[in-house]
Each structure stands twice: as structure tokens, then as C-alpha cells.
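Scroll down for the structure; my scribbles are underneath it.
Just so it is clear, none of the values below were taken in a lab; they were calculated from the coordinates. Quantities reported herein were computed from a predicted structural model and do not represent experimental measurements. Every residue, glycine among them, receives a Cβ derived from its backbone with ideal geometry; neighbour counts consider all protein chains shown.
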Amino acid sequence: MKLKYLFFAILLTLNFNAIAQVKTEANYFDGNKLFSIVKKYVSLGEHRTGTPTDLATSDWIGSELKSVGYAVKYLEFPIKQFFPEKVFLAQEKDTIQAFPLWWVNEKIKRVVSGTLVDVDKVKSLSVNDIALIHFPLKQVNVNPKIYIDSLIKAGVVGIVIITDNQSGEIEAYNTNKDQQPWKVPIILIAPNDSARALAFVKRNKRITLAINGTFKDVIGRNVYGTIGHGEKYIVVSTPISGWFTCGGERGSGIAIWLALAKWAAVQKTDYTFVFTANSGHEHAFKGAHEYLERDAPPVLKTKLWIHFGAGAATLEWKKTSQGLVKQSNVDPNRRFFFSDSVSTSFNNAFKDIEAQKILANQNPGGELVYVARKGYTRFAGVSYGHPFFHVKTDDENTTSPEILEATAKAFKNLILEQTK
């Protein structure tokens, strides 16, 4: 009789533990909790590399990893950072707000005057002109850097770029590893202000282009946590820096990344998990390069590398005569990348996820491309420039709890597929 009661007690305990495990796992991937992480990230401020917000972000993420048992380290690197203050284009009392094109040059005059010229409407440029152009360039198959350098060689004292994009706002642009600071001040303006800029051209009166701000030598900082004792590694990476508040761009990936980190911490596997969150993204992907060169696990010992680039879980927006209108569904143009080596696992895990799914062994999107170039062959990730990509109003409203939860669970299933 005692054995019978003991059997039922053990069975009840096992059932209770199983139910507790399911509930705990559900908590990690609860959409509302994921959404609250996005809101937390947005609330910290503008996330440019080496700023107080950037350092506060790595502090927060580091504490979250420590709270669930990760051994946490920080990887620092120096950055010459520009802190913009008053950036504008003005003609008499009419002023258009602007943002600099990085890298801003510390050694040049950054407040200039001249005649604003629409480059598309003139045959040649004169010394002391200020060129008005569009990004993306209207010229097909023209390298933007080479094109800008050609304008500078023609004698322009400054350049104004209308950043054509769906949001109608100023879109900032990442810089490249081999890019030097520009030889003239270059500013970005919103497509919503293009008519005003063209009116400046038509009036043919002198304008002022200004990039006011300060330069500081600061520290960019990655944060990463390691847990487990297996000889094989699973790496999960994401950028944490960006131009503005980056809700859908960065925040959605960070929320999923952090949920996976907490879930992985309680898994009983033969793998070592490394979760790395890298700064320096908009500064030529500096943090990602630093991690790959200095601290990444050996290629042959890495079972899987997952990367959350831009727009991991963002909503679709419809363009209407009244502007962009938010939809309740995921953006169907979201792009996932995966390599041959994980294709079966990826297809199983993401069978119910709506997205463009791209087999890309050599040239996946975002920072994942540098992982592939370093020789890692087992990877998957996401990178997508949603309609509010790199603009100031990209906050938590560009994602949703439902999309975050579905995407997070798909990546969890990918890890389970790879580790079973």
C-alpha cells in the first residue's frame, strides 16, 4: 500500500514539474513581456555608439544576463563620436531641420553658405554651390561615395541629401569601414521637406548649411554572457546601437534575444551558449568586427550561430493618400537568412512564419555577412529595413506582442532542432 502511495506521489511530482516547466517557458516567450522589453529599450533614448544611452543599454542587458546565471563580460573599443546639436538648412528665416551624414569631419568648416543647386537640373556645378541630391541615388549603378566625391571635386562647399523613404522622415545612414570623414559638411533632410528645399533653389538666394555639435573620444562596449560547459557552442548575436530609439529595428531583436538567453539558461544540453550584444553597428559594424576578431568561439566548435539584425519582428504598413497606415499583421517582406547546413532545421522551425526565407551561404543580410566571411557555415538570422528603418519615430509601435512571440518561438524551435 505504501509503495502505491509512493508511486502516486512521484507521479504527481513529475506532473507538477512538467507543468511548471511549461509555464516557465511560456513566460519567457509571452508576447506582452517581449513587448515590454522593446518599450524599455526605446525608453532609454537614442542609441548611438558610446553615448550614455548606449552604455546604459549594455549595463541593463548585462544585469539581465547575470540574473539568470551567465558569466558576463564587456568588450570595449575606442570611438571618435560626434554629438550633433543644431543641424539645419536655412534661407533667411525659413529653416529645415537636418541630421549629419557620418562621418562628420572635425577639421573642416561645418557652417557654410552658398547657392543651393538641384544637381538633377544643371549641367555643371560652380565653386561655392551647395549641391542638392537624393538618396538612394537616382542614377543607376553609381557608387554613392564615388558620386559624392565627384561633387566635392567639382567645388561644392556642402551637400544636402533628401532621404527618400516611405516614412517621409529623415533617414540616417550607416558608415563603411574604409570611409573617411567627408571633406565638406553633408546633411540629410526629410522627403517631407523636399518641396521647401526646392523652393530654396527656385528663390536663388544664399542659404546656410550648419552642422553644430561636439566631438568626444568615447568608449563603445559590447556585452556578452556565457553559460554551459559543452565543447560545442551556440552563439546568438544582435546589435544594440543605432541612430535613434530603434524600436522595431533593434528593440524587436533584442527582446527575442533576451528571451532566448533566459530560456537557454535553464536548458540541460551538452552545449555552451554565448549571447553577444554588440555596439558600434552604425559605426561600420565596429562591435561585431571586434567580437569576431577577439572573442568569438572557434569556427569548428560552433554548432549554430543565430543573428538578430534589423527588423526582426515588425508590422506591415500600407501606403495611402493619408500616409502610412499600420496593419495588425507582420510585414511579409521581412527577410530571414539561413545556410545549407541548417536548412532542414530552419524550414521545420519556421514553417508557420510569414517572411521571405533566403538560402544564403555567402552573403546573408546585416552583420551576419561577417560571420559567414569569417568561415562559420551553420547560421540563420533576420535583417530587414522596415518602413521606419533609421528614422526618429521608430519606437515600440512598429512591432507587436503577437509578432514578437511567434518569432521568438520559431527561433527557440530552431535551437531545439539543432540540439536534439
* To do: Hey, could you grab the Kirkwood Rh for the chain? Inverse mean 1/r over distinct alpha carbon pairs, Å, one decimal.
  => 23.1
* Compactness ratio of the range 82-213: Cα Rg over 2.2 N^0.38 Å, N = residue count? -> 0.96
* Structure fact -> Bridge orientation stat for the chain from DSSP, antiparallel percent rounded to 5, came to 55
* For the range 318-420, projected area of the alpha-carbon convex hull averaged over all directions, nm² -> 7.5
* **Long pairs among Lys351/Lys420; Lys39/Lys357; Lys73/Lys107; Lys121/Lys318, criterion Cα-Cα beyond 24 Å** => Lys39/Lys357; Lys73/Lys107; Lys121/Lys318
* Among the listed pairs Lys93/Lys123; Lys80/Lys303; Lys40/Lys412; Lys109/Lys145; Lys123/Lys183; Lys123/Lys145, give every one whose C-alpha distance is greater than 25 Å. => Lys93/Lys123; Lys80/Lys303
* Structure fact -> Place a point 7 Å from the Cα of Leu324 in the direction of its beta carbon; the residues of the range 373-400 whose amide N falls under 16 Å from it are 384-400
* **Estimated distance in nm for a label pair at Arg294 and Asn363, the labels positioned 7 Å out from Cα along Cα-to-Cβ** => 3.1
* Asked: Using a simple spin-label model with points 7 Å from Cα along the Cα→Cβ vector, what separation in nm is obtained for Asp94 and Phe215?
  -> 3.4
* **Cα lying deepest toward the dipole's positive end in the chain, options Ile254, Pro298, Gln327, charges on Cβ** => Pro298
* Once whole DSSP H runs in the chain are found, which of them have Cα atoms spread over 15 Å or more along the helix axis and a mean Kyte-Doolittle score of at least -1.0? -> 2-28, 31-43, 52-67, 252-264, 401-419
* To do: Per DSSP H run of n ≥ 4, the term is -39500 (n - 2.57); total these for the chain, divide by its residue number, and report the mean residue ellipticity at 222 nm rounded to 500 deg cm²/dmol.
  => -10000 deg cm²/dmol
